[in-house]
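Every number here is computed from the coordinates shown, using simple stated rules; none is lab data. Predicted model, so just to flag it, every value in this text is computed and none were measured. Heads up, the Cβs are rebuilt from the backbone with ideal geometry, glycines too, and the neighbour counts pull from every protein chain shown.
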2 protein chains.
Amino acid sequence: MAAFAGPEIERLIALLAKLPGMGPRSARRAALALLKRREALLIPLAAALAETADKVRSCSICGTPDTRDPCSICSDPARDNSLICVVEEAGALWAMERSGAFRGKYHVLGGLLSALDGVGPDALRVTELVGRTRGGEASEVILALPATVDGQTTAHYIAERLAGSGVSITSLARGVPVGGELDWLDDGTIVQALRARRPT
Amino acid sequence: MAAFAGPEIERLIALLAKLPGMGPRSARRAALALLKRREALLIPLAAALAETADKVRSCSICGTPDTRDPCSICSDPARDNSLICVVEEAGALWAMERSGAFRGKYHVLGGLLSALDGVGPDALRVTELVGRTRGGEASEVILALPATVDGQTTAHYIAERLAGSGVSITSLARGVPVGGELDWLDDGTIVQALRARRPT
């Protein structure tokens, strides 16, 4: 593909096509946009990627990618050490931070248990989480994991591993999302929202 | 956005969001994928972009991006010098090449005339095209421009500029695309396909 454009562009397209949401066609469009906007996009993006590869590491405490270690959140004295929010990936952490509703610390698992994908407990940062709860500062672990089979399997596994540690283990509430029309919601969500109904 | 992840990641997300088809959300997903796949994706993509920025230039004859000047197509002795296919961008050239149906040379305009976007004739490589047809080798200029108002305005402008040069000027046929159900085609295409009907 695009061999007539030289191996460099061909290789660039092949790599762009590996990004989530990209395919061969959108990768070609992206490569063209980069070639057209050499000074404004191609060179800055090359530099940003090189800098990220060079400077960004996983935080040794929570596992989130950052240029600092411990990361900005772990080293922020204003944040509550007694709350640890467990997330699958940094993307979930960023979503929690955008909500502005959480002022505790995080723990990034780096994935979910998955029999299908062959992801076992050793691939996740659960032992590190157990170690953090042993430190004595944490009083609550909030499991902010996806409401999927893998997410819930992982939640149960973590709850088991933390049993007896003395910290309380909670999960994000399930229910009707803000702006959610009942008509468009799946049955499972309606069942959970009904079970967890609260006085208005 | 994502300021808690350090300015490098924030900047990377902002640049990724400028790629066509990407928005803030998909740029975050792409950045996460890059961070997760450091060795397999982040470092190779940084290198591919740097190499492209470093080596790829526009061909001084046809304007297509390539590491060679003249480009691989312009310097290919097996290709027919008497045919010049005029395209808007390298993306259209790549599409023509994928079809495998054209063995002549190309001329990349670098855009289309657009009153709305303020693109005038000087922004396009039309004078270079006129110069190429004066060389004497070209006998036909094929306008492979989009079937849009800007595409057709540009086609008319080029036809005017080439008038009296002695080369014949043709355009890609309009009609029902392969696999095209009449039910889903716009009226304009049906009108053109009917007008240009041919004996079966």
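The other copies place their A:THR148 label points at 3.6 nm from this one, listed shortest first, where each point is 7 Å from Cα along Cα→Cβ. The aspartates and glutamates whose alpha-carbon is closer than 15 Å to the alpha-carbon of B:LYS18, local same-chain residues fewer than 8 away aside, are A:GLU39, B:GLU10. Extension gain for the segment A:GLU10 to A:ALA159, taken as residue separation times 0.36 nm less the Cα-Cα distance, is 48.9 nm to one decimal. All C-alpha to C-alpha distances of the protein assembly as shown, sorted into 10 Å bins beginning at zero, yield P(r) values of 4, 17, 21, 19, 14, 12, 8, 3, 0, 0 percent in whole numbers.
When the dipole is taken about the Cα centre of the protein assembly as shown, and only Lys, Arg (+1) and Asp, Glu (-1) are charged at their Cβ, what size is it in debye, to the nearest 20? Please list the in-between numbers first.
On the way: 46 positive and 46 negative charges, 27 e Å.
Once rounded to the nearest 20, the dipole reads 120 debye.
Amide H contacts for A:HIS107 (H built 1.01 Å from N in the peptide plane; partners 5 or more residues away or on another chain; cut-off under 5 Å): A:CYS85, A:VAL86, A:VAL87. Model label points for B:SER171 and A:VAL176, set 7 angstrom from Cα along the Cα-to-Cβ axis, are 5.5 nm apart. The convex hull defined by the C-alpha atoms of chain B has an orientation-averaged projected area of 16.3 nm². In the assembly of identical copies, A:PRO121 has its label point, taken 7 Å from Cα in the direction of the beta carbon, separated from the corresponding points by 7.7 nm (ascending, one decimal). The length gained by stretching the chain between A:ARG197 and A:PHE102 to full extension, at 0.36 nm per residue less their Cα-Cα distance, is 31.9 nm. Computed about its Cα centre, the charge dipole of chain A is approximately 420 debye, with only Lys, Arg, Asp and Glu carrying charge at their Cβ.
The shape of the range A:82-171 can be summarised by an equivalent ellipsoid whose semi-axes, obtained from the alpha carbon gyration tensor, come to 19, 17, 11 Å from longest to shortest. The lysines whose alpha-carbon is closer than 23 Å to the alpha-carbon of A:LYS105, local same-chain residues fewer than 8 away aside, are A:LYS55, B:LYS36.
Axis angle, to the nearest 10 degrees, between helix A:24-36 and the longest C-alpha principal axis of chain A: 60 degrees.
Hey, got the dipole for the range B:3-55? About the Cα centre, +1 on K and R Cβ, -1 on D and E Cβ, debye to the nearest 20? Present the calculation step by step, with values, prior to reporting the outcome.
Details: 9 positive and 5 negative charges, 57 e Å.
So the magnitude is around 280 debye.
Residues whose amide H falls under 5 Å from that of B:THR170, counting only those 5 or more places apart or on a different chain, are B:VAL141, B:ILE142, B:LEU143, with hydrogens built in the peptide plane.
Placing a label point 7 Å from Cα along the Cα-to-Cβ axis, A:ASP187 is separated from the same position in the other copies by 4.6 nm, shortest listed first.
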